[in-house]
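Peer 1: Input: one structure, supplied below.
The values are calculated or read from the model by the stated rules, or taken from the named source; none is laboratory data. This one's a predicted model, so the numbers in the text were calculated from it and none came from an experiment. Backbone-built Cβ (ideal geometry, glycine too); neighbour counts: all protein chains shown.
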């Protein structure tokens, strides 16, 4: 894959952890639709499509690229 910022062909794959609390880490997800806040300050996620986010970093310029994995996550 090519870096969209500098054009280098040296991207390394990684991921974004999404910390729920100190003891629990999960991969960050893209969620369809606008943000809807829940009653006690959380975010409503039920019945929304969620896709894990794949992250790539250019080894030359450190630019980050993010993509929603096309395979839905069953969390």
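Peer 1: Being out of contact with any strand residue (DSSP E or B) (no Cβ under 8 Å at 6 or more places or on another chain), within 29 Å of residue 4 (Cβ to Cβ) and modelled with pLDDT under 85 is the filter here, so list the residues in the stretch 19-75 that pass it.
Peer 2: Residues satisfying the conditions do not exist here.
Peer 1: Another question, if that's okay. Would you say residue 10 is in contact with a strand residue (DSSP E or B) (Cβ under 8 Å, 6 or more places away or on another chain) and modelled with pLDDT under 90?
Peer 2: When the stated conditions are applied, residue 10 does not pass them.
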